[in-house]
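Structure first, then comments.
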């Protein structure tokens, strides 16, 4: 399993990760990009455990996602199967597992303060932490995608499924966006990655 992961995580994290994965009943699979998730954990019917991670993640995001999923396995082992997937027990386990990695040998120094703040109360997805998600994106392979929060008001953009929207006003945490085809209003997380179509503005009610 170690050879499988060596190309995906920071070199200085490999020994630590290998120790976490020393479980005969754990299978880790690398998957093609999935738009709705970076990784997942499942307890299989045969009693084994499976973690899947998207192959397109940069090393730092891959590592965070991998530890996120290992924390699911460890929290269920420690506290039982009836805890909430992203409840207090998982948060504590995730914090405990990440702590040894929060150093400049593993992560760039610019990321460390953001990671330290995030792990005071880790969320179900690091993508909901706009500042951290944007910082992590700087280590991705270049693409033509932008975050919704980066677009000017009224910009026209499309999602991976080719649905086209216009960007509206920001609420407390989310951004109103109107689907052009249906006129329906949706609330977007600020750091959803989209493809800019045009800067043409329209009145959004």
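Just so you know, all these numbers are worked out from the coordinates, no wet-lab data involved. Note that the structure is predicted; figures quoted are calculated from it, not measured. Note that each Cβ is placed from the backbone with ideal geometry, even for glycine, and that neighbours are counted across all protein chains shown.
Modelled spin-label separation between residue 77 and residue 196, with each label point placed 7 Å from Cα along the Cα-to-Cβ direction: 4.7 nm. Using a cutoff of 8 angstrom between alpha carbon atoms and counting only pairs six or more residues apart, the relative contact order for the chain works out to 14 percent.
Relative to the longest principal axis of the Cα atoms of the chain, the long axis of helix 59-79 lies at roughly 60 degrees. Comparing 53, 83, 64 in a Gaussian network model of the chain where C-alpha atoms under 10 Å apart are linked, the largest mean-square fluctuation is found at 83. Of all the options 45, 59, 108, the one that moves most in a Gaussian network model of the chain with Cα springs shorter than 10 angstrom is 45.
Using a Gaussian network model of the chain in which every pair of alpha carbons under 10 angstrom is joined by a spring, one finds that among 27, 70, 51 the greatest mean-square fluctuation is at 27. Quick one: check the C-alpha center-to-center distance for region 30-50 versus region 145-160, whole angstrom. After rounding, the separation between the Cα centres reads 30 Å.
What's the extension gain from residue 4 to residue 185 if we count 0.36 nm per residue and subtract their Cα-Cα distance?
On the way: separation 181, 0.36 × 181 = 65.16 nm, distance 4.29 nm.
Roughly 60.9 nm would be gained on extension.
Counting each DSSP H run of 4 or more residues in the chain as -39500 (n - 2.57), what helix-only mean residue ellipticity at 222 nm follows after dividing by all residues, to the nearest 500 deg cm²/dmol? Don't skip to the answer; put the middle values down first.
Details: 6 runs with 58 residues, N = 205.
Dividing the helical sum by the residues of the chain leaves -8000 deg cm²/dmol.
Ranked by how many other Cβ atoms sit within 10 Å of their own Cβ, fewest first, the residues 12, 75 fall in the order 12, 75. Does anyone have the angle between helix 88-98 and the longest principal axis of the chain? Alpha-carbon axes, 0 to 90°, nearest 10? That works out to roughly 70 degrees.
FRET efficiency for the residue 58 to residue 163 pair, using the beta carbon distance and R₀ = 30 Å, is estimated at 0.70. Its alpha carbons give the chain an Rg and a Dmax of 18.8, 58 Å.
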